[in-house]
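Bear in mind that the values in this text are calculations on the coordinates, not laboratory data. Just so it is clear, the model here is predicted, and its values are computed rather than measured. Reconstructed Cβ throughout: ideal geometry from the backbone, glycine too, with neighbour counts over all protein chains shown.
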Amino acid sequence: MVDSPAAAPYTSAVTDPRNLYSTWVEVELEVIEANTRRLTALTKAAVMAVVKANAYGHGAIAVAQAAARGGAGWFGVARAEEALDLRAAGIGLPILVLGPAPTDRLPALIAAGVSLTVSDEVQIDAAARAARDQQATAKIQLKLDSGMNRLGAAPEAAVSLARRMGQHPGLSFEGAFTHFARADEGVPRPVHRQLEQFEHALSALSSAGVRPPLIHAANSAATLGWPETHFDLVRVGIALYGLRPSPAAPLPAGLQPALEWKTQLTRIRSVPPGEGISYGHEYVTRTTERIGTVLVGYADGLRRVAGNQLLVGGVQVPMVGRVCMDFCMVQLDRVPGAKEGDEAVIIGSQGDTRLSAEQVADRWGTINYEVTCGIAARVPRLNVPERTVWRPPGSGTQ
Ligand SMILES: Cc1ncc(COP(=O)(O)O)c(C=O)c1O
């Protein structure tokens, strides 16, 4: 079954994307591969590439294939459909659904050899029933809540849940894991407090004679900043995409952003003073201004807020007026050479000028994660083997 937005189109750029699309995302898969390789070199643990939410907006299947080439040994997803999409695309490496899976999805997940997360007896028994019904073994991992207070069993319940698993011959207890709430703050205390809780549960399991093969805890920030959290496996999301977990958890050299988000100018007009631009006429021209209409809008994931900036002609230009569903307008007075059909960049570079996902996030009052995850499914993800280098007009071919 392939019914998730994770299956958004992922096409090779065989021609100038401007001839095919209004707005598009370019992902350099070689960068994902190199980032994965760099991350595997930072740890002795296995690397799980977290590719949930369509690989943070980058295109799950192509990213998973690139991460596998770079040495990832596991994939982490949030939803059952995401796991099944990866299997349907022929990805055979181990996959863990990091959250609870709906009961009716369990048979398909077990048949596909996908590992399930459980955190209570109801989930354990449901996995056992589904495994028994198809005479298969379900691989399950126990999620422990060491202080995030989102999902997972209390550390004190670990032994009794492990015993419950042991009562079901169709269950294979493959792993135990937890998740950090504050690993990205650059401060050791909150991480160590959670680690203590987790280790307490692990030693209780060990005293009861249970040591599942895989113990894991670290997200990107913990992988980069707290090697004592690595255990057998690290679960890396944001760093895989070359984006930093937070200002307090910067990336080491060698990890590069892989994604650029582009669009194009469709119409340029000189608008006389005193004219309103876009719905509500919130912006009114002060002088005669060159206003460009751009083929991207809030239905593509561009936030409907004031203050957006785009790159045109290697220059940051201000968006003016309200963002529409499929369009927005920019003021082009600083780019006299701009013409209809020119590329405009929402995230990425033109020449030496760059707009990062972090800059967009700051403007939107959010985090880089939300910016790339929020690029709509209708925006095609293009695999670019090598970045098209934008050059100023008159300096050769673009
Ligand atoms: C359980 C779990 N592990 C790992 C990750 C990856 O986190 P990050 O993208 O910060 O590396 C996430 C993402 O939110 C998660 O929910």
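If you build the convex hull over the alpha carbons only and average its shadow over all orientations, what do you get for segment 199-331? Give it in nm² to one decimal.
On the way: hull surface 50.2 nm².
That works out to 12.5 nm², a quarter of the Cα hull's surface.
What is the sum of charges around Thr366, taking Lys and Arg as +1, Asp and Glu as -1, for the other residues whose C-beta is under 11 Å from the C-beta of Thr366? Don't skip to the answer; put the middle values down first.
Details: positive: Arg303, Arg363; negative: Glu358, Asp362, Glu370.
Net local charge, Thr366 excluded: -1.
Once R0 is set to 56 Å, what does the formula 1/(1 + (r/R0)^6) return for the Cβ-Cβ distance between Met148 and Ser270, expressed as a FRET efficiency to the nearest 0.05?
Numbers: r = 55 Å, r/R0 = 0.98.
For R0 = 56 Å, the calculated efficiency reads 0.55.
If we count every other residue with Cβ under 13 angstrom of Ala60's Cβ, Lys/Arg +1 and Asp/Glu -1, where does the sum land?
Neighbour charge sum, excluding Ala60 itself: +1.
Could you compute the FRET efficiency for His200 and Ala248, with r as their C-beta to C-beta distance and R0 at 22 Å, rounded to 0.05?
0.25
At 222 nm, what helix-only mean residue ellipticity would the chain give, in deg cm²/dmol to the nearest 500, using -39500 (n - 2.57) for each DSSP H run of four or more? Intermediate values should be presented prior to the final figure.
Working: 11 runs with 105 residues, N = 398.
The helix contribution divided over the chain gives -7500 deg cm²/dmol.
Roughly how tilted is helix 29-41, in degrees to the nearest 10 and between 0 and 90, from the longest Cα axis of the chain?
40 degrees
Out of residues 5 or more away from Thr266 or on other chains, whose amide H comes under 5 Å of its own, with H placed 1.01 Å from N in the peptide plane?
Thr293, Val294, Leu295, Gly341
Can you give the local net charge around Arg334? Use residues other than it whose beta-carbon is closer than 13 angstrom to its beta-carbon, Lys and Arg +1, Asp and Glu -1.
Neighbourhood net charge equals -1.
Would segment 129-251 count as rounded, prolate or oblate if I go by the C-alpha gyration tensor, calling it rounded below 1.5 in a/c and otherwise prolate when a/b exceeds b/c, oblate otherwise?
Prolate.
State whether segment 62-154 is rounded, prolate or oblate according to the following rule on the C-alpha gyration tensor (a ≥ b ≥ c being the square roots of its eigenvalues): a/c under 1.5 gives rounded; otherwise a/b larger than b/c gives prolate, and the remaining case gives oblate.
Working: a/c = 2.29, a/b = 1.26, b/c = 1.82.
Oblate shape, in that a/c is at least 1.5 and b/c is the bigger or equal ratio.
With N set to the number of residues, divide the alpha-carbon radius of gyration of the chain by 2.2 N^0.38 Å and report two decimals.
Dividing the Cα radius of gyration by 2.2 N^0.38 Å gives 1.11.
At a Cα cut-off below 18 Å, give the aspartates and glutamates reachable from Lys339, other chains included and same-chain residues fewer than 8 away excluded.
Once the sequence-local aspartates and glutamates are set aside, what remains near Lys339 is Asp16, Glu289.
Give the residues of segment 207-247 whose amide nitrogen is closer than 16 Å to a point set 7 Å from the Cα of Val187 in the direction of its Cβ.
Answer for segment 207-247: 246-247.
Between Asp232 and Gln167, what's the calculated FRET efficiency when r is the beta-carbon distance and R0 is 35 Å? Round to 0.05.
So, using R0 = 35 Å, E works out to roughly 0.90.
Taking 0.36 nm per residue of separation and subtracting the Cα-Cα distance, what length does fully extending Arg286 through Ser207 add?
Length gained between Arg286 and Ser207: 20.9 nm.
When we measure straight from the Cα of Lys44, which aspartates and glutamates land under 17 angstrom away, once same-chain ones fewer than 8 places off are left out?
Within the straight-line limit of under 17 Å, Lys44 reaches these aspartates and glutamates: Glu228, Asp232.
For Met325 and Asp125, calculate 0.36 nm times their separation in residues minus their Cα-Cα distance, and state this gained length in nm to one decimal.
On the way: separation 200, 0.36 × 200 = 72.00 nm, distance 4.62 nm.
Gain in length upon complete extension: 67.4 nm.
Using Cα-Cα distances under 8 Å and only pairs 6 or more residues apart, what relative contact order does the chain have, in percent?
Working: 899 pairs, mean separation 71.0, N = 398.
Contact order relative to length: 18 percent.
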